[in-house]
Amino acid sequence: DTGVSQNPRHKITKRGQNVTFRCDPISEHNRLYWYRQTLGQGPEFLTYFQNEAQLEKSRLLSDRFSAERPKGSFSTLEIQRTEQGDSAMYLCASSPTSGRTLGSYEQYFGPGTRLTVT
Amino acid sequence: QKEVEQNSGPLSVPEGAIASLNCTYSDRVSQSFFWYRQYSGKSPELIMSIYSNGDKEDGRFTAQLNKASQYVSLLIRDSQPSDSATYLCAVNEGTGGFKTIFGAGTRLFVKA
């Protein structure tokens with residue numbers, strides 16, 4: 001399977017704990033995105049990378065959230081001191097190229113990581 | 001804050017009918033528009049992208065874009081029960097921007 005993969009698929013944690021999620025994009029894709037989705041809402045943009053550079057980060061992202069893509073391949077999203085409001089599906093997506101051809105804007109999503117904070 | 005608005009539905013259509021899904025957006029300079037399908041408990045799946053005014057057809061799906069009215073629509077012809085899902089409209093911010101804003105989605109139910 002050469003699609004976007006995410007691990008773990010499910011995570012249950014206690015409030016106050018730190019969690020880390022991993023995303024492996026489609027191999028030739030330069031751009032990688034993180035989103036958060038809650039029930040009844042569309043995906044909410046968190047951040048995106050072009051290669052290893054984090055180019056934009058949502059103002060909604062508090063200091064407890066950090067994302068990295070150290071070698072321009074896989075990415076990690078860490079949430080520190082989790083709160084119950086962090087319970088959501090965390091989605092990763094990737095885009096084909098780093099250029100501005102039309103197809104480079106299309107995003108392909110992984111299966112997501114469902115986080116439950118108790 | 002840029003916005004993408006969709007009717008939450010549910011939109012219910014009989015099998016074989018045309019389903020029409022609509023979306024408006026607030027960023028006047030947006031250039032890239034997308035429709036995603038999301039089944040319950042699954043991640044979004046790209047159906048269509050559209051970048052120019054007018055219609056774009058792909059199989060049973062037609063996307064329509066009117067930048068002057070800031071309006072995007074998706075038509076699904078010969079609707080099937082397997083089309084029952086939430087349809088998400090997505091718009092990239094700015095001119096050539098890569099940050100994507102999603103609407104909350106419209107739930108479609110196709111009755112057999």
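The values are calculated or read from the model by the stated rules, or taken from the named source; none is laboratory data. A quick note: this is a predicted structure, and the numbers were derived from the prediction, not measured. Positions of Cβ are backbone-derived with ideal geometry, glycine not excepted, and every protein chain shown enters the neighbour counts. The accessibility values were calculated without ligands, DNA or RNA, using every heavy atom of the protein model including side chains. Shrake-Rupley method; radii C 1.70, N 1.55, O 1.52, S 1.80 Å.
Restricting to strands (runs of 3 or more DSSP E) lying wholly in the range A:1-116: which have 2 or more residues that are open to solvent by 30 Å² or more (accessible area, probe 1.4 Å), of a type outside the set (Asp, Glu) and more than 14 Å from chain B (Cβ to nearest Cβ)?
A:10-13, A:19-24
Can you name the number of the only condition in (1) more than 9 Å from chain A (Cβ to nearest Cβ); (2) open to solvent by less than 60 Å² (accessible area, probe 1.4 Å); (3) out of contact with any helix residue (DSSP H, G or I) (no Cβ under 7 Å at 6 or more places or on another chain) that B:Leu88 fails?
(1)
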